[in-house]
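Below is one structure, written out as structure tokens, with a few remarks after it.
The values are calculated or read from the model by the stated rules, or taken from the named source; none is laboratory data. These numbers were taken from a predicted model, which means no experiment stands behind them. Neighbour counts are summed over all protein chains in view; Cβ atoms, including those assigned to glycine, are modelled from backbone coordinates with ideal geometry. Ligands, DNA and RNA are stripped out before the accessible areas are found, and what is left, the full protein with its side chains, is counted by its heavy atoms. Shrake-Rupley method; radii C 1.70, N 1.55, O 1.52, S 1.80 Å.
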Amino acid sequence: MHSEHSTPLLTIAYSSLAERAGDVVWPERFDDIDLLLCVQGDLPDDFEPPPGVRLVRVPGRGVARSRNASLRHARGRYLLFCDDDVRVDLDGVRRGIDHLRTTGKAIALGRGMGADGELRKRYAPEITPLTLFNSAKAATYEMLVDAVQLRTHDVWFDERFGAGAELYLGDEYILVADLLRAGLAGDAVPFVYGIHPVESSGSRWGGRDAHARAVVLNRVFGWEAPAIRLAFAVRSRHKLGGWRAVARFALNGTRPPAD
């Protein structure tokens, strides 16, 4: 176990709501790991996290606030963002850390697996540099970052986006985009970081979902967004529900609300 004053290599930060804070499946610990439990909502007075786990109470709503609290409080050089229903694969995470240490990149975007042992989605088959055009499907529990680089370059989650916010998806993609625009670099890597049993908000395509996606693209691409929205809508026309929905998406120039 690392001492209170030594610097751990890795922080794993679980985001949870008060009513689920007791349900986290903690990993088997290893010597240089730091575990955080970031909780929103009112915990019972007698709630105690497991020994060695640091409890961070996060005010307000929205998981992006919890992710930012993770980034602020992480003692490890490397930080894996996690949800309370994810089982972490430490072997995969170690391989991601090795990649970041070797390359000096700021993020290694790994893979998620379902409870059935199948990969959650299609991933690049090999190590692939991240761009604005191949990182939109990032899930939070796939994100292993160099916390020092992100804090140094003032890269944080946009709290207007993500679960619990009005614009309830896209927070991960926006973080990757902001990281790249800040001059940092990252790779998609073929390592599984965790098992996640539940469908994510990123796989929904209803009317509100399409609106949120359009606002995410407007946030990421700014003045270039109209062309990107059109190309995205045409490519996703079957998911969106036909050409009328394509036109609606392509014309949706809604910007996120002011901070």
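Can you tell me the 0 to 90 degree angle between the C-alpha axis of helix 171-181 and the longest principal axis of the chain, rounded to 10?
90 degrees
Using +1 at the Cβ of each Lys and Arg and -1 at the Cβ of each Asp and Glu in the chain, identify which of 41, 193, 169 lies farthest towards the dipole's positive end.
Comparing the listed Cα positions along the dipole, 169 ranks first.
Can you give me the accessible area per residue for segment 207-251, using a 1.4 Å probe, in Å²?
Details: 2600 Å² over 45 residues.
Value returned for segment 207-251: 58 Å² of accessible area per residue.
Using a 1.4 angstrom probe with every protein chain in place, what is the largest-first accessible-area order of 28, 224? It would help to have the intermediate numbers written out before the result.
Details: 28 155, 224 80 Å².
The ranking, largest first, comes out as 28, 224.
Report, to the nearest 10°, how far helix 63-73 tilts away from the longest principal axis of the Cα atoms in the chain, using its own Cα long axis and a range of 0 to 90°.
Once rounded, one gets 40 degrees.
What number comes out for accessible area per residue over segment 10-196 if the probe is 1.4 Å? Units Å², please.
Working: 8280 Å² over 187 residues.
For segment 10-196, the solvent-accessible area averages 44 Å² per residue.
Residue 172: net charge of surrounding residues, Cβ under 10 Å, Lys/Arg +1, Asp/Glu -1, itself excluded?
On the way: positive: 67, 137; negative: 142, 171.
Charge balance near residue 172 sits at 0.
Using θ = phi - 60° and the Karplus relation 6.51 cos²θ - 1.76 cosθ + 1.60, list the HN-Hα couplings for segment 47-62 in order, rounded to whole Hz, with x at every Gly or Pro.
5, 10, x, x, x, x, 9, 8, 9, 10, 8, 10, x, x, 10, x
Remind me, relative contact order of the chain in percent, using alpha carbon pairs under 8 angstrom and six or more residues apart?
Values: 487 pairs, mean separation 48.6, N = 259.
It rounds to 19 percent for the chain.
For residue 120, which sequence-distant residues (separation of 5 or more, or a different chain) have an amide H within less than 5 Å of its own amide H, given hydrogens modelled in the peptide plane?
Those lying under 5 Å, H to H, from residue 120 are 112, 113, 114.
Any idea which of 150, 92, 76 is furthest toward the positive side of the dipole for the chain, if Lys and Arg beta-carbons carry +1 and Asp and Glu beta-carbons -1?
In the chain, that residue is 150.
Net charge near residue 158, counting Lys/Arg +1 and Asp/Glu -1 over other residues with Cβ under 9 Å of its Cβ?
Working: positive: 160, 219; negative: 159, 171, 178, 259.
My count for the surroundings of residue 158 gives -2.
Hey, can you grab everything whose amide H is under 5 Å from the amide H of residue 191? Only 5+ residues off in sequence or another chain; H modelled, so Pro and N-termini drop out.
111
As a test of reading the structure, rank 140, 102, 128 by solvent-accessible area (1.4 Å probe, protein chains only), most first. Walk me through the numbers before you get to the answer.
Numbers: 140 5, 102 120, 128 35 Å².
Ranked from most to least accessible, the order is 102, 128, 140.
Got a number for carbon plus sulfur as a percent of the chain's accessible area, 1.4 Å probe?
Details: 6640 of 12900 Å².
Carbon-and-sulfur percentage of accessible area, whole number: 51.
Can you pull the accessible area of residue 73 for me, 1.4 Å probe, Å² to the nearest 10?
Here the accessible area works out near 80 Å².
HN-Hα J couplings of segment 158-163 from phi, Karplus 6.51/-1.76/1.60, θ = phi - 60°, integer Hz, Gly and Pro as x?
Those phi angles translate into 7, 6, 7, 10, x, 3 Hz.
Quick check on the chain: helices-only [θ] at 222 nm, where DSSP H runs of length 4 and up contribute -39,500 (n - 2.57) each and the sum goes over total residues. Nearest 500, please.
Values: 8 runs with 80 residues, N = 259.
Mean residue ellipticity at 222 nm (helix-derived): -9000 deg cm²/dmol.
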